[in-house]
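Input: a single structure, listed below in structure tokens.
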Amino acid sequence: MPATPTDRPPHGRVSAALAWGAAVAQPLLLLIGVRTGPYRSTELRLFLTAVAVCLTLPLARRNPLAALGLLLAGVFAAATTRPDAVLLYLPVLAADAVVGRIAALHPLRILLPTALGALGVQIAAATYTTSGQDVFVSTVVALALALLTAGLLGRSVRERRGHAAELRAAATAEAVAAERLRIARELHDVVAHSIGVIAIQAGVGRRVIDTQPAEARNALATIETTSRETLAGLRRTLGALRGAAADGRPAPRDPAPGLADLERLAASTADAGVRVELRHLGNPDVSLPPEVDLAAYRIVQESLTNVVRHAAAPTCRVTVERRTDTLLVEIADDGRGTPAAAPGGGYGLVGMRERAALLGGSLTAGPRPGGGFQVTALLPLPADHPEGIPAS
């Protein structure tokens, strides 16, 4: 519930009362200031005028419309005494500055009548402090230009603030969209491979349950193991997004999968009917940043999912080469290719390309000249990443 004036803390009410009291006293002090002292005491009058103008500053921050009204009242009251025009320069400039603040805080429907009213009061005051038509016209032009400049500066500040707010909103929306893409990609990577294996094993079990009970039991065991791993991956992903489990306990902190889990991934793919040949090349002591390790694993996982679903190939080759500054990941098969290779195909290849691009790498996917399909990813390794640490 928004705070009402009576809900404000005591110091807030006191400061507001002081600001209003000082601003209300300003017209009187300005009127006294322009008439104080002996003849030719311009310095004293300028000092008192400056003090009177400063009294409106606290209220100008809180309520610029009220501060402007009091400033204009003081200007006109002082002008009726026909003082030296120089004594009113500072109050007029202060009124223009307040108009600029109003322009920065309020829309045009408030600014325009306020600015026109301020100009009208200033012109009326000029009739008392100028002599001769030429001087009066030049004074009016100067007042109008000063007020226009203040209004334009205020509008510029307002537009910059609005543009900055739009940029912040756009950045927030972009971050939300990127996060949603990341969530969708993570869930796809966690679920797609495992569901493909489960579907195939369920079909195998259904066909052989009467004739080969042992094979059906093996299929059910594979389904159980894969589903448990999938559930664990989903809990890890969703727990990282939530920060904690629904019952208040800390979310699981299991490490994210990496290239060290390729043997287990190959075993589950073999259970789905595709034998995976793993080759590790290069320097095994080149350590991998966690994000590169995870991205490489997900690329292999998604590629193997596509092989199982679309390639109709009995074998698949996975090559991981650790270079000094690059990690090469290659997945190749001799099957009939994958429909996801077509432009605008499935989300799997899109997700793999996004993962590689986010790390500054590249990914190519397409049919092989001799038949089959091949995915090649090049993931750069940071130059300052330590070497000689055993890879995860």
What's the number of the condition Ile110 fails, among (1) surrounded by fewer than 19 Cβ atoms within 10 Å (Cβ to Cβ); (2) under 28 Å from Val14 (Cα atoms)? (2)
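Determine, yes or no, whether Pro252 is at pLDDT 70 or above and open to solvent by less than 70 Å² (accessible area, probe 1.4 Å).
Working: at pLDDT 70 or above: no; open to solvent by less than 70 Å² (accessible area, probe 1.4 Å): yes.
No; evaluated as a whole, the condition is false for this residue.
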Give the residue that is modelled with the highest pLDDT, with candidates limited to residues of the stretch 373-392 that are surrounded by 10 or more Cβ atoms within 10 Å (Cβ to Cβ) and small (Gly, Ala, Ser). Ala377
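Out of all the residues in the stretch 130-142, is one or more polar (S, T, N, Q), in a helix (DSSP H, G or I), over 26 Å from Leu44 (Cα atoms) and under 46 Å from the mean Cα position of the chain (by Cα)?
Step one: of the stretch 130-142, the residues polar (S, T, N, Q) are 130-131, 133, 138-139.
Filter again for in a helix (DSSP H, G or I), leaving 133, 138-139.
Subsequent filtering for residues that are over 26 Å from Leu44 (Cα atoms) retains 133, 138.
If we keep only those that are under 46 Å from the mean Cα position of the chain (by Cα) too, we end up with none.
Looking through the stretch 130-142, none of the residues is polar (S, T, N, Q), in a helix (DSSP H, G or I), over 26 Å from Leu44 (Cα atoms) and under 46 Å from the mean Cα position of the chain (by Cα).
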Gly21 vs. criteria surrounded by 12 or more Cβ atoms within 10 Å (Cβ to Cβ), at pLDDT below 75 and under 45 Å from the mean Cα position of the chain (by Cα): no
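Hey, can you tell me all the residues within the stretch 203-218 that are among the aliphatic types (A, V, I, L, M) and either closer than 14 Å to Ala267 by Cβ or surrounded by fewer than 14 Cβ atoms within 10 Å (Cβ to Cβ) (or both)? Outline the logic, then answer.
As a first pass, look at the stretch 203-218 and keep what is among the aliphatic types (A, V, I, L, M): 204, 208-209, 214, 216.
Ala214 - this is the single residue of the stretch 203-218 that is among the aliphatic types (A, V, I, L, M) and either closer than 14 Å to Ala267 by Cβ or surrounded by fewer than 14 Cβ atoms within 10 Å (Cβ to Cβ) (or both).
Could you pull out the residue among Arg180, Arg168 that is at pLDDT below 75, assigned to a helix (DSSP H, G or I) and open to solvent by 40 Å² or more (accessible area, probe 1.4 Å)? Explain how you work it out, then say what you get.
Working: Arg168 fails: at pLDDT below 75.
Being at pLDDT below 75, assigned to a helix (DSSP H, G or I) and open to solvent by 40 Å² or more (accessible area, probe 1.4 Å) holds for just one of Arg180, Arg168, which is Arg180.
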Inside the stretch 326-353, can you point out the residues that are open to solvent by 50 Å² or more (accessible area, probe 1.4 Å), touching a strand residue (DSSP E or B) at 6+ places or on another chain (Cβ under 9 Å) and at pLDDT below 80? Arg336
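In the stretch 55-72, which residues are farther than 23 Å from Glu43 by Cβ and open to solvent by 50 Å² or more (accessible area, probe 1.4 Å)?
Keep residues of the stretch 55-72 that are farther than 23 Å from Glu43 by Cβ, which gives 58-70, 72.
The answer is Pro58, Arg61, Arg62, Asn63, Leu65.
Here is a check on your reading of the model: is Arg323 open to solvent by 30 Å² or more (accessible area, probe 1.4 Å), basic (Lys, Arg) and touching a residue at least 40 places away in the same chain (Cβ under 8 Å)?
Details: open to solvent by 30 Å² or more (accessible area, probe 1.4 Å): yes; basic (Lys, Arg): yes; touching a residue at least 40 places away in the same chain (Cβ under 8 Å): yes.
Criteria met by Arg323.
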Specify which of the listed residues (Gly117, Gly162) is over 19 Å from Val75 (Cα atoms) and either open to solvent by less than 70 Å² (accessible area, probe 1.4 Å) or touching a residue at least 60 places away in the same chain (Cβ under 8 Å) (or both). Gly162
Evaluate the stretch 269-287: report whether one residue or more is over 39 Å from the mean Cα position of the chain (by Cα), among the hydroxyl-bearing types (Ser, Thr, Tyr) and not in a loop (DSSP other than H, G, I, E, B). yes
State all residues of the stretch 133-156 that are among the hydroxyl-bearing types (Ser, Thr, Tyr) and open to solvent by 50 Å² or more (accessible area, probe 1.4 Å); if no residue qualifies, say none. Ser138, Thr149
Condition check for Gly370: in a loop (DSSP other than H, G, I, E, B), open to solvent by 10 Å² or more (accessible area, probe 1.4 Å), at pLDDT 85 or above and out of contact with any Lys or Arg (no Cβ under 7 Å at 6 or more places or on another chain): no
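The values are calculated or read from the model by the stated rules, or taken from the named source; none is laboratory data. Remember, predicted model here, so these are calculated numbers, not experimental data. Ideal geometry is used to build each Cβ from the backbone, glycine not excepted, and the neighbour counts take in all protein chains shown. These area figures cover heavy atoms from the full protein model, side chains too; ligands, DNA and RNA do not enter into them. Shrake-Rupley method; radii C 1.70, N 1.55, O 1.52, S 1.80 Å.
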